[in-house]
Number of protein chains: 2
Amino acid sequence: MKHLLMSLLFVLCQSELSMAEEMSKPLTDNQLQTAATLRDSVLVSNEAWSIVESLTTEVGARAGGSAGDALAVQWAQDKFKSLGFKNIRIEPVTFPSWKRGIEVAHVIAPFKQRLVITALGNSIATPDNGLQGEIIHYSTLTDLINADADDVAGKIVFISKRMKAFRDGHDYGKTVPARSSGAKEAAKKDAIGILIRSVGTDSNRVAHTGNMSYDKDIKKIPAAALSNPDADLLINMLKRKVPVIVNFTLTSEAGEDYTSYNVIGEIVGTEKPEEIILIGGHLDSWDLGTGAIDDGAGVAITMAAAYKISLMPTQPKRTIRVVLFANEEQGLFGGEQYAIAHLDELQKHIVGAESDFGAGKIWKFSTKFKPSAKALGHQIHSVLEPLGIEYGDNKAGGGPDIIHSKKAGMAVATLSQDGIDYFDYHHTANDTLDKINPENLSQNVAAYAAFVWLMTEIEGDVGFFPPDSK
Amino acid sequence: MKHLLMSLLFVLCQSELSMAEEMSKPLTDNQLQTAATLRDSVLVSNEAWSIVESLTTEVGARAGGSAGDALAVQWAQDKFKSLGFKNIRIEPVTFPSWKRGIEVAHVIAPFKQRLVITALGNSIATPDNGLQGEIIHYSTLTDLINADADDVAGKIVFISKRMKAFRDGHDYGKTVPARSSGAKEAAKKDAIGILIRSVGTDSNRVAHTGNMSYDKDIKKIPAAALSNPDADLLINMLKRKVPVIVNFTLTSEAGEDYTSYNVIGEIVGTEKPEEIILIGGHLDSWDLGTGAIDDGAGVAITMAAAYKISLMPTQPKRTIRVVLFANEEQGLFGGEQYAIAHLDELQKHIVGAESDFGAGKIWKFSTKFKPSAKALGHQIHSVLEPLGIEYGDNKAGGGPDIIHSKKAGMAVATLSQDGIDYFDYHHTANDTLDKINPENLSQNVAAYAAFVWLMTEIEGDVGFFPPDSK
């Protein structure tokens with residue numbers, strides 16, 4: 001019955017196509033059954049847990065340009081080797097380095113209290129004795145943009161918008177502009193510094209870092225995030241309607257350019273080794289935690305999925321390439337460099353999928369395939385469905401580090417993870433191994449393994465889009 | 001029906017008594033009804049929230065002997081005054097002072113990683129360049145006590161027992177000896193330092209402080225707590241079966257004796273002003289958070305309960321004395337001093353009850369009344385029951401700061417709060433206002449107000465126990 005339904009669905013999807021477009025050949029029952037067997041065997045395995053335990057224990061924090069970055073690059077090569085990957089190699093990725101330093105803050109008046117802050121990535125330092133000024137409070141970045149410059153000049157801007165938790169994390173995009181652009185908007189109105197409420201959904205006295213940027217035509221001002229309880233405290237003080245004076249010190253600094261590496265390992269295809277199924281995560285993390293959910297989990301899930309496929313009696317027809325991208329956090333440097341370095345062979349990338357949203361269960365499978373291959377997405381989904389995964393749509397994004405390759409035309413899939421608690425820990429000291437549920441992690445690997453293996457099996461491609469198509 | 005049941009219960013309890021003992025006179029239906037009306041009006045009020053918001057915002061951290069301690073003493077007197085309390089006064093409490101300093105830790109080998117620690121209260125400092133040594137791991141304090149001294153000598157002891165969460169917090173007593181006595185037991189075997197897993201039930205990168213003590217005949221060694229994720233990390237490193245070397249630096253120091261104050265405010269009784277219903281919490285907190293749940297909540301609940309009674313059309317017959325105890329955290333100093341200073345009038349203390357277990361809903365009411373008055377406890381409980389409060393037993397402890405007064409013979413009651421998440425935040429930077437649910441707080445005030453008012457109404461006493469009775 002199920003196979004009949006799938007076949008009907010396939011015909012239905014294909015019928016949407018213009019007659020001129022060639023339809024993708026459907027996967028066979030045998031192929032789907034093999035993928036299901038693979039899925040079930042992976043579901044009870046724990047390779048991904050071992051990998052992320054190793055990375056967080058033996059390397060830990062690995063911010064781009066740090067000592068941990070170099071250690072992680074070595075770790076990744078060693079891990080690929082121990083798992084039997086082939087064509088293990090590193091590809092240089094150069095970026096400006098930035099280092100966090102001391103980060104201390106106090107309310108000076110009306111009530112002297114300590115504040116927990118963390119520098120935003122890329123922020124300049126304050127003066128050595130701290131930056132001191134009166135707080136001017138806006139609920140949102142938009143309120144700051146609409147504010148009278150006279151109210152802002154000479155003050156420390158405080159933006160207090162709180163991020164709400166959703167499974168798909170959609171409030172991140174609505175909240176993060178205060179982090180990325182707040183300093184520019186505040187400086188345009190001659191603010192001397194900016195403190196934002198952490199872009200995070202928790203209530204811990206742990207602040208969330210994340211990247212921000214300056215504009216060459218706008219004065220640079222120091223920028224930091226307050227933990228959620230500290231943002232609440234400032235608001236309660238501000239309710240007293242007396243000036244709130246804060247002093248904060250950052251000793252962060254930009255350094256020389258640093259060259260790190262995308263680390264690549266492959267399970268080489270037997271029939272079409274030049275055709276590539278690209279999966280991966282980013283190898284770097286922020287410096288505050290041990291990078292377990294962001295993105296040790298993605299590294300582990302995709303390494304483990306490829307490894308499990310390599311253990312099958314018959315090796316895959318196409319090459320499975322696992323790419324561990326350098327320095328995603330400070331500007332998608334590894335992902336961009338990969339697209340540049342591999343531009344010539346991008347048309348041989350059958351599909352790409354990055355795991356970079358923590359370690360929650362996958363609940364949705366989406367594709368960005370050519371119309372004639374959409375039905376293949378539904379077939380693949382039929383193997384994922386028993387894992388509790390619903391079908392999304394054909395508008396998948398694929399992941400941050402493959403966005404450049406997707407723009408160049410690569411087909412992508414997104415295996416959406418449940419991120420209801422992702423932003424409790426994201427970019428904080430709390431991003432540690434204990435936040436990962438081993439069973440959820442195995443569900444991720446099972447889904448990736450089944451998806452990837454089916455992609456090695458399909459006839460033809462799922463659509464190298466011309467770069468100008470969406 | 002309910003009143004009939006209560007009367008039967010009353011007779012039943014009284015029948016347990018020897019004929020020689022005089023039975024307490026039961027509360028009347030009118031009295032019970034007045035208490036119920038008070039309870040319901042308090043339940044929808046928010047005075048306690050305003051008080052704890054004021055304390056955490058305007059004072060914040062207030063460790064015994066700190067600048068915040070002095071601020072809190074002034075705050076408490078001002079707050080009593082603004083709420084119309086009478087006989088507002090301070091009573092000196094002197095104790096040795098201790099200050100936290102820098103607290104930094106790293107694993108040096110086999111994998112260099114930062115560890116989040118906090119000094120245990122009373123710990124000595126490490127050498128300026130840190131204390132460095134190999135970790136020797138024990139799961140429990142008992143394992144350390146049973147260990148071969150040769151294994152421990154020259155090493156840094158690590159005790160990893162993890163506290164489990166229960167509503168009544170009973171695992172605290174089983175876990176906290178590692179904190180209070182671990183340094184002594186480790187030093188007996190010539191350890192150079194000790195790191196314990198935080199006595200806390202959370203998974204945050206936030207360590208839990210708390211008091212420890214030395215013995216004059218045993219060498220003092222530095223003692224700190226690791227956050228739970230950091231304790232997990234150490235365990236994972238230790239699984240590699242290679243020596244784990246840690247370096248940690250504490251600059252904590254003991255200082256001169258400091259004199260703080262118990263702060264007292266009263267609602268003066270109209271008929272028997274010399275007879276006292278004693279309630280309160282402790283005014284001090286640890287230095288890491290803003291002391292919201294420990295014990296701003298207790299301060300607020302008991303102040304608000306007495307205040308609400310003061311607003312009744314008829315003033316209470318007995319005096320309600322709210323005592324905000326000094327420096328509970330570092331050794332119950334305020335509570336002990338209160339019992340000493342008030343020894344002569346303790347027989348006039350009808351009952352005592354302290355609120356010091358956070359801000360969760362009260363779920364159980366227990367007493368330690370003389371046998372002839374046990375039935376009164378059941379009557380009082382009948383007014384608390386609609387708040388979702390069950391009856392406990394007649395073995396109540398009363399609270400840490402009244403333990404000395406109880407030992408001297410004072411009757412006590414315990415209004416047990418739901419502490420399922422109390423030890424997630426207890427003694428950490430996370431002890432902040434956002435951890436308090438305003439509705440739960442009002443339920444606490446309603447229960448205290450009804451209980452206290454009924455205690456001002458009862459005929460006679462509920463039993464000043466001879467100090468030697470249990």
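The values are calculated or read from the model by the stated rules, or taken from the named source; none is laboratory data. None of the values given here were measured: they were computed from a predicted structure. All Cβ positions, even for glycine, are placed from backbone atoms using ideal geometry, and neighbour counts span all protein chains on display.
Okay, here's what the table says:
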item: Flag if B:Ser285 is surrounded by fewer than 24 Cβ atoms within 10 Å (Cβ to Cβ) and either more than 14 Å from chain A (Cβ to nearest Cβ) or at pLDDT 95 or above (or both); result: no
item: Residue in region A:6-25 that is within 14 Å of A:Glu385 (Cβ to Cβ), part of a helix (DSSP H, G or I) and either assigned by TED's automatic domain parsing to the domain that holds A:Ala449 or modelled with pLDDT under 95 (or both) present; result: yes
item: Matching residues in region B:71-115 - criterion: being surrounded by 16 or more Cβ atoms within 10 Å (Cβ to Cβ), in a helix (DSSP H, G or I) and not charged (D, E, K, R); result: B:Leu71, B:Ala72, B:Val73, B:Trp75, B:Ala76, B:Gln77, B:Phe80
item: Any pair with Cβ under 6 angstrom, 6 or more apart, that starts in region B:99-128 at a residue that is at the interface with another protein chain (Cβ under 10 Å from one of its Cβ atoms) and farther than 20 Å from B:Ala191 by Cβ and ends at one that is surrounded by fewer than 21 Cβ atoms within 10 Å (Cβ to Cβ) and charged (D, E, K, R); result: B:Phe111/A:Glu58
item: Condition met for B:Ser66 (in contact with a strand residue (DSSP E or B) (Cβ under 8 Å, 6 or more places away or on another chain) and over 23 Å from B:Gly265 (Cβ atoms)); result: no
item: Residue among A:Gly331, A:Gly397 that alone is at negative phi, of a type in the set (Gly, Ala, Ser) and at pLDDT 95 or above; result: A:Gly397
item: Qualifying position, being surrounded by fewer than 22 Cβ atoms within 10 Å (Cβ to Cβ), touching a residue at least 24 places away in the same chain (Cβ under 8 Å) and basic (Lys, Arg), among A:Lys368, A:Lys406, A:Lys364; result: A:Lys364
item: Residue, nearest to B:Glu53 (Cα to Cα), within region B:433-446, restricted to residues that are within 13 Å of chain A (Cβ to nearest Cβ) and part of a helix (DSSP H, G or I); result: B:Leu433
item: Residue within region B:333-341 that is under 21 Å from B:Ser54 (Cα atoms) and either surrounded by 23 or more Cβ atoms within 10 Å (Cβ to Cβ) or within 14 Å of chain A (Cβ to nearest Cβ) (or both) present; result: no
item: B:Ile277 being in contact with a Lys or Arg (Cβ under 7 Å, 6 or more places away or on another chain), closer than 20 Å to B:Ile362 by Cα and buried (at least 24 other Cβ atoms within 10 Å of the Cβ); result: yes
item: Enumeration of residues in region B:189-209 that are hydroxyl-bearing (Ser, Thr, Tyr) and more than 12 Å from chain A (Cβ to nearest Cβ); result: B:Ser198, B:Thr201, B:Thr209
item: Residue check, A:Leu454 more than 14 Å from chain B (Cβ to nearest Cβ), under 23 Å from A:Glu275 (Cβ atoms) and in contact with a helix residue (DSSP H, G or I) (Cβ under 6 Å, 6 or more places away or on another chain); result: yes
item: Filter pass, A:Asn430 being surrounded by fewer than 23 Cβ atoms within 10 Å (Cβ to Cβ) and either within 14 Å of another protein chain (Cβ to nearest Cβ) or more than 17 Å from A:Val299 (Cβ to Cβ) (or both); result: no
item: Among the candidates B:Ile221, B:Ile276, residue that is within 28 Å of the chain's Cα centre (by Cα), closer than 30 Å to B:Glu457 by Cβ and more than 14 Å from chain A (Cβ to nearest Cβ); result: B:Ile276
item: Qualifying residue in region B:137-148 (condition: out of contact with any Pro (no Cβ under 6 Å at 6 or more places or on another chain), within 14 Å of another protein chain (Cβ to nearest Cβ), assigned to a strand (DSSP E or B) and buried (at least 19 other Cβ atoms within 10 Å of the Cβ)); result: no
item: Options A:Gly397, A:Gly358, A:Gly388, A:Gly419: the member that is closer than 25 Å to B:Leu233 by Cα and surrounded by fewer than 24 Cβ atoms within 10 Å (Cβ to Cβ); result: A:Gly419
item: Among the candidates A:Val52, A:Val44, residue that is within 27 Å of the chain's Cα centre (by Cα), in contact (Cβ under 8 Å) with a residue 60 or more places away in the chain, assigned by TED's automatic domain parsing to the domain that holds A:Leu83 and surrounded by fewer than 19 Cβ atoms within 10 Å (Cβ to Cβ); result: A:Val44
item: Selection status of A:Gln379, farther than 17 Å from A:Glu457 by Cα, assigned by TED's automatic domain parsing to the domain that holds A:His404 and outside any loop (DSSP other than H, G, I, E, B); result: no
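Okay, residues lined up against (1) within 23 Å of A:Met312 (Cα to Cα); (2) modelled with pLDDT of 95 or more; (3) among the hydrophobic types (A, V, I, L, M, F, W, C); (4) not assigned by TED's automatic domain parsing to the domain that holds A:Ile380:
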residue: A:Val412; (1), (2), (3), (4): no, yes, yes, no
residue: A:Gly419; (1), (2), (3), (4): no, yes, no, no
residue: A:Tyr425; (1), (2), (3), (4): no, yes, no, no
residue: A:Leu433; (1), (2), (3), (4): no, yes, yes, no
residue: A:Ile436; (1), (2), (3), (4): no, yes, yes, no
residue: A:Asn440; (1), (2), (3), (4): yes, yes, no, no
residue: A:Tyr448; (1), (2), (3), (4): yes, yes, no, no
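This table checks each residue for (1) out of contact with any strand residue (DSSP E or B) (no Cβ under 6 Å at 6 or more places or on another chain); (2) among the small types (Gly, Ala, Ser); (3) more than 22 Å from A:Gly289 (Cβ to Cβ).
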{"position": "B:Arg179", "(1), (2), (3)": "no, no, yes"}
{"position": "B:Ala186", "(1), (2), (3)": "no, yes, yes"}
{"position": "B:Leu195", "(1), (2), (3)": "no, no, no"}
{"position": "B:Asp230", "(1), (2), (3)": "no, no, no"}
{"position": "B:Pro243", "(1), (2), (3)": "no, no, yes"}
{"position": "B:Phe248", "(1), (2), (3)": "no, no, no"}
{"position": "B:Gly255", "(1), (2), (3)": "no, yes, yes"}
{"position": "B:Thr270", "(1), (2), (3)": "yes, no, yes"}
